[in-house]
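Below you'll find the structure, written out as structure tokens, and then a few comments.
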Amino acid sequence: MTTEPQIDIDELWERVAPDDRGLVPCVVEDVRTRMTLMVAWVSKEALAKTLETGWATFYSRSRQSLWTKGETSGHRQRLVQLRLDCDGDTLMYVVEAHTPVCHEGPDTCFSRRRSGNAWKREPVVVDADASFGVIEALERIIDARASTIGMPEDEGKPSYTRRLIEAGVSKQVAKIREESEELAIALTSETNERVISEGADVLYHLAVALRARKIGFADINRELSRRFGISGIEEKASRGAKSGEEEVDRVEPHP
């Protein structure tokens with residue numbers, strides 16, 4: 001497991017340009033959907049607590065004290081990534097959110113849209129699958145689980161993904177072999193529903209293992225695109241035959 005360097009809050013805060021109250025606005029974004037969830041204020045102490053605990057913490061101007069999102073409602077926000085804008089005067093917490101976010105009920109505080117001269121409340125619907133693709137959404141969730149390593153797990157909600165990442169590549173590869181064998185069995189003798197389920201298991205475990213090599217499915221997509229119009233036999237020959245590999249014709253991908 002890779003350990004991040006010790007966080008120096010003083011050094012981090014030096015690069016931030018707070019107002020005369022020592023505060024900066026902080027935009028909160030959902031790691032999966034990229035929806036803007038809310039905006040709140042952050043002080044140096046709030047940022048320090050966020051980085052220490054992993055939970056999004058802010059500064060309340062009315063109470064003049066720190067508050068951690070969801071500490072009473074349970075709708076907490078696990079920090080995945082911290083970002084700073086180009087002017088250095090606005091932060092962004094990219095979080096794994098436990099919805100709803102808004103105290104009025106919606107998943108985002110930005111639930112009112114201008115309608116003429118009025119503000120009309122309407123649900124904000126973000127289809128993560130359509131907007132960013134199922135695979136990209138999956139990769140972002142895996143990153144979110146990885147970011148919690150070293151922090152206490154949610155009570156009563158252990159993460160299989162986190163434990164698989166912590167177990168290392170050997171365990172991940174073993175799971176790929178296991179799930180691939182189950183997929184092969186399903187393809188030969190089980191229903192389409194089982195094939196789909198086992199195929200999803202293979203892709204999930206592959207995504208976790210690829211992350212350890214800093215490889216994403218976008219890299220695999222580029223490689224497949226490169227092969228368009230190339231004979232499968234020629235492409236395979238260019239890589240050299242593997243020992244004991246059976247010669248099998250491959251369906252060539254064409255646009």
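The values are calculated or read from the model by the stated rules, or taken from the named source; none is laboratory data. Predicted model only: the values in this text are computed from it and were never measured. We place every Cβ from the backbone using ideal geometry, glycine too, and count neighbours over all the protein chains shown.
Numbers for the structure displayed
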item	result
The stretch 133-156 residues that are of a type outside the set (Asp, Glu), paired with ones that are modelled with pLDDT under 75 and in a loop (DSSP other than H, G, I, E, B) (beta carbon under 8 Å, 6 or more apart)	Ile149/Met1; Gly150/Thr3
Looking only at the stretch 81-100, and only at residues there that are assigned to a loop (DSSP other than H, G, I, E, B) and within 15 Å of Met35 (Cβ to Cβ), the one that is modelled with the lowest pLDDT	Thr99
Which listed residue, of Ser62, Ser73, is modelled with pLDDT of 90 or more, over 22 Å from Leu12 (Cα atoms), not β-branched (Val, Ile, Thr) and not assigned by TED's automatic domain parsing to the domain that holds Ala207	Ser62
When residues of the stretch 14-40 are limited to those that are touching a helix residue (DSSP H, G or I) at 6+ places or on another chain (Cβ under 6 Å) and among the β-branched types (Val, Ile, Thr), the one modelled with the highest pLDDT	Val31
Options Glu179, Glu190, Glu166; residue that is surrounded by 16 or more Cβ atoms within 10 Å (Cβ to Cβ), among the acidic types (Asp, Glu) and assigned by TED's automatic domain parsing to the domain that holds Arg140	Glu179
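One line per residue, one yes/no per condition, for (1) out of contact with any strand residue (DSSP E or B) (no Cβ under 8 Å at 6 or more places or on another chain); (2) outside any helix (DSSP H, G or I); (3) modelled with pLDDT of 75 or more; (4) over 17 Å from Ile215 (Cβ atoms):
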site	(1), (2), (3), (4)
Ala130	yes, no, no, yes
Ala137	yes, no, yes, yes
Ile149	yes, yes, yes, yes
Arg163	yes, no, yes, yes
